[in-house]
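Scroll down for the structure; my scribbles are underneath it.
The values are calculated or read from the model by the stated rules, or taken from the named source; none is laboratory data. Just so it is clear, the structure is predicted and the values come from calculations on it, not from any experiment. Virtual Cβ from ideal backbone geometry, glycine too; neighbours counted across all protein chains shown.
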Amino acid sequence: MNNSTLDLYDLIKNIEKRPAMYLGQADLTHLGAFLSGYFFARRQIGIPETLQEQQFSEFQAWIEQKFNVSYSQPWEKIIRFFSPDETTSLHQFFSLFNEFTEYQRASSASATVSH
């Protein structure tokens, strides 16, 4: 990775710092659309999925487990359903995303130790 390229998790952290700059409107629906466009554009131009993008694909299942839901809704709709409004749901996403990345780190560390 060169210095001019952000990885996915850095991009998400930058969005957290200045959501309106990236999303136009600081809400979860816009974040979901932004990330969908990000993944679509990368697939369209043939950029291989990075490790973080592969890991982020597990976020959906993690959210379903976290909220104990089994219906087929995207992660942003699940978070929105359990939040009082769009702005709160965006803040909730970042909190959940941080928890998810910590969970991944802990899982990776325990997998490394068990080998």
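Of the residues making up the range 73-112, those that are loosely packed, with under 12 Cβ neighbours inside 10 Å and among the aliphatic types (A, V, I, L, M) are 106, 109, 111. Among the conditions (1) surrounded by fewer than 16 Cβ atoms within 10 Å (Cβ to Cβ); (2) not in a helix (DSSP H, G or I), residue 40 misses just one, which is (2).
For first residues located in the range 84-99 and touching a residue at least 40 places away in the same chain (Cβ under 8 Å), partners that are polar (S, T, N, Q) and in a helix (DSSP H, G or I) and lie 6+ apart or on another chain with Cβ distances below 8 Å form the pairs 86/29.
Every residue in the range 42-83 that is among the acidic types (Asp, Glu) and either in contact with a Phe, Trp or Tyr (Cβ under 8 Å, 6 or more places away or on another chain) or within 16 Å of residue 97 (Cβ to Cβ) (or both), please. Walk me through how you get there before you give the answer.
Here is the first cut: in the range 42-83, the residues among the acidic types (Asp, Glu) are 49, 53, 58, 64, 76.
53, 58, 64, 76, listed by residue number.
I'd like to check something: does the range 45-58 contain any residue that is over 29 Å from residue 108 (Cα atoms), at pLDDT 95 or above and not acidic (Asp, Glu)? Among the residues of the range 45-58, at least one is over 29 Å from residue 108 (Cα atoms), at pLDDT 95 or above and not acidic (Asp, Glu), which makes the answer yes.
Can you tell me which residue among 60, 44, 54 is over 13 Å from the mean Cα position of the chain (by Cα) and free of Cβ contacts under 8 Å to residues at least 24 places away in the same chain? Residue meeting the stated conditions: 44.
Among the residues of the range 60-107, those identified as among the small types (Gly, Ala, Ser) and in a helix (DSSP H, G or I) are 61, 89, 95, 106, 107.
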